[in-house]
Amino acid sequence: MRGDGRYSNSELRAEERKREKREKNKPSIQDNFLEEKEFNALRDIFMHHSGPSPTIHTVQWLYSSLIVGITEEPSTSPGQFFHLVYNNNVPCSSIYEAQFFPILEALKVHTLIRIKANLNPRLTEPFYSNFHTDILGLDVEDFIFTTAIFYINTNNGYTEFEDGTIVESVANRLVTFGSNIQHRGVTQTDEQVRILVNFNYLKYQGN
């Protein structure tokens with residue numbers, strides 16, 4: 001800011017670029033993200049639909065006593081189950097190559113950081129996890145990474161963002177946003193499980 005209290009042209013341009021970045025990285029929702037055949041194949045990896053009551057199928061789930069790590073109080077957190085698909089340049093699950101390439105192609109992933117599936121059991125009351133980001137250490141303004149959440153089944157749980165935006169859990173829905181944006185999950189009270197897949201990646205910037 002200049003001595004007369006007004007911004008210089010370069011400062012105004014910098015502020016405009018920041019505003020454009022914030023707008024660009026707001027949550028963006030895409031329903032029916034995958035073709036029906038592709039979605040059903042992925043869903044059936046996590047949920048077997050042959051009977052009236054879906055049962056967990058195929059993948060091995062591990063239990064974490066906390067949902068978002070050290071910011072949560074262990075005595076009150078219900079924890080969650082997870083299945084790590086890809087982390088730190090290494091596939092961690094046999095389903096990575098078989099099921100996730102169509103999604104990565106659609107997301108225009110240049111550099112993949114992590115894919116992690118989460119499973120929340122039904123609770124009698126919603127549990128509100130703490131607001132967080134999936135990638136630690138990001139500068140608030142200087143961000144280049146993207147987070148995507150893909151919902152496997154429909155339920156009354158949802159994802160809430162720091163600005164109050166709510167994205168409901170709807171099967172085959174994808175929401176993408178800048179990885180520096182604070183968000184949290186809210187568990188369901190209707191369906192037996194809430195299953196979603198988190199993606200963290202650097203998006204390809206070419207045409």
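Since every read-out is calculated from the coordinates, none of them should be taken as a lab result. Note that the structure is predicted; figures quoted are calculated from it, not measured. Backbone-built Cβ (ideal geometry, glycine too); neighbour counts: all protein chains shown.
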### Message
Please report, in whole Å³, the volume per residue of the convex hull around the C-alpha atoms of segment 54-137.
### Response
143 Å³
#### Entry: Cα gyration tensor of segment 95-207 - equivalent ellipsoid semi-axes, whole Å, descending
24, 18, 11
### Message
Which one, Pro74, Ala117, Ser129, is farthest towards the positive end of the dipole of segment 61-129 when Lys and Arg carry +1 and Asp and Glu -1 on their Cβ?
### Response
Ala117
### Cα pair distances exceeding 20 angstrom across segment 146-205, given as percent
24 percent
